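Please treat every number below as a calculation from the coordinates, not as lab data. Bear in mind the structure is a predicted one, so any value in this text is a computation, not a measurement. For neighbour counting, all protein chains shown are included, and Cβ atoms are generated from backbone atoms with ideal geometry for every residue, glycine included.
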Amino acid sequence: MKAKVYVTLKNGILDPQGKAVQHSLGSMDFEEVIDVRQGKVFELTLDDKMTKEEAEERVTQMAQQLLANTVMENFRVEIG
Amino acid sequence: MKFGVVVFPGSNCDHDCYHVAKHVMGQDTDFIWHKDHTDLSAFDCIVVPGGFSYGDYLRPGSIATHSPIMQDIVSFANRGKLVIGICNGFQVLTEAGLLPGALMRNRTLNFICRDIKLKVENVDTPFTSAYKKGQVVTIPIAHHDGNYFADNETLKSIEDNNQVIFRYTDKLGEASVEANPNGSLNNIAGICNKNRNVLGMMPHPERCAEKELGNIEGKTLFESIIKYVS
C-alpha cells in the first residue's frame with residue numbers, strides 16, 4: 001500500500017523560500033503567480049497487513065510525531 | 001559540579017562546550033553519546049550543543065529528538081535539573097517539547113555567522129543570575145534556522161511569564177527590526193521553560209568565554225550555572 005504525506009507551512013506564516021520561488025517565476029514572465037507555498041512530500045510504502053482506514057490512522061500518527069512539526073506546519077495524508 | 005555534553009552524529013560545538021566547562025571553568029565534565037542510556041543522576045547540567053545533528057535532515061533537531069538519550073534528558077529536566085540547548089541544541093529542545101515554539105528558516109534564507117548584540121531580559125534564572133538586568137552583550141550566532149516562531153497565545157504566555165531570556169537588540173538595547181538578524185518573533189534569541197531550568201538560545205556563549213578569543217561575555221552564563229549549583 002502507498003501513502004503520501006504533504007507538509008506545508010501553516011497559513012499566515014511567512015514562507016521565505018516560497019517567496020523566493022515566486023519572485024523568480026515573476027522574473028521569468030510568469031507574472032500570473034501571486035503566491036507560492038513550498039512544502040515537502042513523503043511517499044511511504046506500507047506492508048499490506050492493515051486496512052486503508054488503519055493505515056490512515058497510523059500515517060497520521062507518523063505525521064504528528066515526526067514528519068511535520070505541528071507548531072508551524074500543516075499536513076495532509078493520502079492513502080492509495 | 002558536573003556538566004554533561006551530549007554528542008549526536010553531526011554535533012560540532014560539543015568540544016567547544018566541553019572545553020569551556022572543563023578547562024576554562026574547571027568543572028568536572030563528561031561527553032554523553034546519544035545512543036547511551038546513561039544514568040544522568042551524577043550530572044547537574046546537561047548541555048545540548050550546536051552543530052548539525054543528523055545533517056539537519058527533515059527539520060533541524062527533529063531526528064535527534066528520537067535518540068535514546070532524549071528520554072533521559074526529558075526526565076532529567078522534569079526533575080528540575082538544568083538543561084541548556086545552544087543553537088542546534090535549542091532546535092532539539094523545541095522539537096522535543098521541552099521548550100515552546102519552533103525555529104524556522106532565517107527570513108533572509110542566508111546562513112548567518114557573525115557577532116550580534118543581545119539584551120539579557122531576565123536575570124532571575126539559573127543561567128543568567130551573574131548578568132545585570134538589561135545588560136547588552138555581544139555573542140556570536142551561526143545558524144540557518146534561527147527564526148523563532150510561536151503562535152500568538154504561546155508568544156503572549158512566554159512574554160507574560162518572563163520566559164524570554166535573550167533578545168536581539170542594537171547596542172542601546174532597542175529590539176528594532178534592523179537588530180533582528182533572522183526574523184524571530186519579538187526579536188527572541190533565547191527562552192526558558194516555565195520552571196526556569198531549561199534554556200534554549202541560538203547564540204553561542206561557548207564561543208566567547210575566554211579572553212584569548214577576545215570576548216568573555218559568554219563566560220558569565222557558565223558562571224551563573226556554577227553559582228546556582230554550588
Task: Kirkwood hydrodynamic radius over Cα pairs of the stretch B:2-229, then Stokes diffusion coefficient at 4 °C and 1.567 mPa s, in µm²/s - done: 76
- [ ] Calculate the dipole size of the stretch B:173-230 relative to its Cα centre from +1 charges on Lys and Arg beta carbons and -1 charges on Asp and Glu beta carbons; express the result in debye to the nearest 20.
- [x] 320
- [ ] Hey, for a label at A:Q38 modelled as a point 7 Å past Cα toward Cβ, could you say which residues of the stretch B:70-112 have their backbone N under 17 Å away?
- [x] B:103-112
- [ ] Provide the net charge surrounding A:K52, with neighbours chosen by a C-beta distance below 14 Å and charges set as Lys +1, Arg +1, Asp -1, Glu -1.
- [x] -3
Task: Shielding score for B:141-153, defined as the mean number of other chain Cβ atoms within 10 Å - done: 1
Open item on the list: One quarter of the convex hull surface, Cα atoms only: what value does that give for the stretch B:112-190 in nm²?
Closed with: 5.1
TODO: Specify the inter-centroid distance of the stretch B:1-54 and the stretch A:1-26, based on alpha-carbon positions, in whole Å.
DONE: 36
- [ ] Find, to one decimal place in angstroms, the Kirkwood hydrodynamic radius of the stretch B:38-124, where the mean of 1/r is taken over every pair of different Cα atoms and then inverted.
- [x] 14.3
- [ ] Quote to one decimal, in nm, the extra length available between B:K132 and B:K227 on full extension: 0.36 nm per residue of separation minus the C-alpha distance between them.
- [x] 32.7 nm
TODO: Quote the charge dipole size of the stretch A:2-79 about the Cα centre in Debye, to the nearest 20; the model charges only the Cβ of Lys and Arg (+1) and of Asp and Glu (-1).
DONE: 220
Open item on the list: Can you compute the modelled spin-label distance between B:E178 and A:T45, with each label point 7 Å from Cα toward Cβ, in nm?
Closed with: 5.7
Open item on the list: Highest mean first, how do B:163-169, A:5-11 rank when packing is the count of other Cβ atoms within 10 Å averaged over residues?
Closed with: B:163-169, A:5-11
Task: Given charges at Cβ of Lys, Arg, Asp, Glu: chain B dipole, positive-most of B:S157, B:P203, B:V20 - done: B:S157
- [ ] Compute the separation of the alpha-carbon centres of the stretch B:158-199 and the stretch A:28-56 and state it in Å as a whole number.
- [x] 35
- [ ] Before anything else, pin down the relative contact order of chain B: Cα pairs under 8 Å, at least 6 apart, normalised by residue count, whole percent.
- [x] 19
Open item on the list: Below 14 angstrom from the Cβ of B:I165, what's the summed charge of the other residues (Lys, Arg +1; Asp, Glu -1)?
Closed with: +3
Task: Cα gyration tensor shape of the protein assembly as shown, rounded if a/c is under 1.5, else prolate or oblate by comparing a/b with b/c - done: oblate
Task: Dipole magnitude of the protein assembly as shown, debye to nearest 20 (Cβ charges: Lys/Arg +1, Asp/Glu -1, about Cα centre) - done: 640
Open item on the list: Residue by residue through B:99-105, how many Cβ atoms from other chains fall within 10 Å of the Cβ on average?
Closed with: 4
